[in-house]
Every structure is written in C-alpha cells, then in structure tokens.
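Quick notes on the structure that follows.
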Amino acid sequence: MNADKPKYELFEILFLVSLTILLGLFFYAMRLALIPPFLVLILLFFLIPLRANPVVMRLIILIVVIFSFWFIRDTMDILAPFAIAFALAYLFDPLVTKLEKKRIPRLTSVSIIVVVSLGLFLLMLTLSIPRIINELRNLVSFIMEIPSHISEWLNSDGASMLGETREDVDKIQAWLDRELPHRMEKVSAYMVAKLVHFTKTLPTLFTKLLYLILTPFLFFYILKDFHKVRRWIKELLPIETSWVVREYVEKVDAIISGFFRGQLIVCTLVGILTTLLLLLFRVEYALLIGIMAGVLNIVPYVGLAITLFTGLVIGIASPNPLTTCLKIVVAVETIRVVESSVLAPRIVGDRVGLHPVWVMFSILIFAHFLGLVGLIIAVPLAASLKIFISVWMHSYRRKIWRRKKNDN
C-alpha cells in the first residue's frame, strides 16, 4: 500500500463540498417547512453512524438536550396535566404502599385517594370562590374610590398634617384633581386592555381547561402503576454503578419527597389557620390573605415577606387601615411562630439541612433563571445539589489522600 496516497481524490473532495453546499441551500429553501423534530431527525440520521467519534457523540447529546428543552417549552400546555398527575402520584405513592401493607388492594386504595382528593378540591373551590370574588370586587371598588377618599381626608385630618394654611391644602387638592384622574384613567385603560386580552384568549383557555380535566384520570392511572414506574427507572440504571446511583437517588428522593409532602401539609394548615384567625379578628379580606399565606409558605422567608407586604397593602384598602394592618401583622406572625416552632419541626423536620443564608441564595438564583417554578423547587434542588457536592468532595479528598500515600 502506498502511504503517500491521499485518502480522498480531488474530485471526491469537490463532489462532497458541492453536495454540502447544495444540501445547505436545500435546507435554507425549506427552512419554513423544517420544523425542529424533522430537523433533529435529519441531523441524527447523519451523525449517529459517526457516533464512535467522541466529538460527534457530544454533539448528538447536545442536540438531544436542546431539542428536549424546546419540546418541553413548546408543548407545556399538553405536558402540564401529565406533570401534575405524576407529581401527585409521587406524593401519594407512600400512602398507597402503606394501605397495601394493611391488605387493602392497590386499585381500591388508589380509587379512594383520587376520589377523596378530587372531592376535597371541588369542595374547597365551591366554598372559597364566591367569597374570593366578593373580596376582589370590594377591593377593586375601594381602589377606584381612592381619589374621593383622599379628598375627604385632605379636607378633614390632612389639613392639619400637610399644611398650616388653607392655601397649602388647596394647592395639594388642585394637584390631586389634576393628576389623579389621569392616573386612574391609565389604570382603567390597563384593566380594560387586560380584560380584552383575556376575552381573546378564551378559546385557548378552554383548551387548557380541557387538558386540566384530564388530570384526575391521569393521576389515577399513574398512581395505580407507580410502583412499576419505580421498578422501570431502577432497571435503567447501569448494573456496574447501580448501587452508587441508587444511593444518590434514595437520598435525593428522601429530601424531595419529605420536603414536598411535609410542605403540602404545612402550607394547608398555615392557610387554614391564618384564614380562621383573620376571620376571628373580623378582617375584611381574610380569605385572600389566608390563601396567599398558605400558597407562598412553600417559599421560605420570601413567601412570608410577600404575604406581609401584600397583606398590609390590602389592609390599607380597608375602612380602618391602622387597626386592620395591626390585626394582619399579629395574625401572620402568630401563625408563623406556630409553624416554625410546632408544625414544621414535627411534619417536615430537618430533611433539607441548609443554612438560612444558602436557602435565601438558592431561592433568589433559581427564581432569577426559572421564575415561579424556581421559587418552588429552589430549596429541595439546592439540598440535592448539596448531597452531590459533598459526595464529590469526599471522593476528591480520598483521591488526593491516596495519591499522597502512593508518593510517600
């Protein structure tokens, strides 16, 4: 064999270059018809035969990862019921397992859990929605009457606080008469525009509602076969490293499941107790603040701050602002003390094991990149990363120790 003979002839090189250019022009001409799935299939068709090359293999993985993110984002409305159903099945699977140990058939226990959960959810909506609508209507009507309330206050108590002479009060009144209607018009126009946009999106909203109706059925079927899903995931693990990966997975599963199951119970109790205490104090917007306290309680520290701030803003919109704000602060802080000293230690425990500074840092970072989803998953995800980092650091130190031992 002649070692000096080139691998490709000049004609072959020119042919490949011309073919590549023609293929590029073809893709450019078909760019509107080439939706991402077809384009990914074409790329994988050419790259998979060359997967023995490490660079090509990394390129294939990169293409698959990018396509997965695009697919999830583009089909979010379709995937949402499946994700919700899977999350609910993940949370309720231990309860089904316990019922199975008590000789209750899995199908029966799953049916009971799904029916009870759906019934409680519908009951909560039936009882809360009318009151929420009434409270929102009162809040909007109060906001629209703010200019008249400010004028009344200026002519009574505000005169002694804002100016020593009637002329000063008249100047303030003239400025408010000039500026407030313009500001209120902007607010009204913004609300009307949002209402028009909402009416335009009603067909899409109807489709999303149909997707959500599928959630209970998906919840039933996924929960019924969730033990098979767990077994299938374990079978996917490589045999030679399955015990190591399984140890990681079990630790992460203990953190995530314990956090979310515990937080679900704690958030429900916090919402109910806050609402009852505010109703006892006869706060006008008790249900709105209670629901907000329960939902936002899943985000440590930040949720409490948002609840207090929003509660105080709502309290200002009540007939007796100072008294209402004081009642809201007392109620929210009382439930917070009960939650941090009684509910959370007994229900959630110290499964996360993160310093408060790292909790705040993880919440801000994940919220910056992932928005609302980042707020919810920040704490368990940060705790899971802590496990991998600690194990990696332990392994790294052992390697250094062995290297020094071998050198000596």
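Structure data summary
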read-out	value
Relative contact order %, region 278-408, counting alpha carbon pairs below 8 Å whose residues are six or more apart	18
Cα centroid of region 101-138 to Cα centroid of region 41-76, whole Å	42
Of Lys251/Lys386; Lys101/Lys386; Lys228/Lys386; Lys98/Lys251; Lys101/Lys224; Lys98/Lys228, pairs whose Cα-Cα distance is over 22 Å	Lys101/Lys386; Lys228/Lys386
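Here, each number is a calculation from the coordinates, and none is a lab measurement. Fair warning: this is a prediction, and the values are worked out from it, not measured in the lab.
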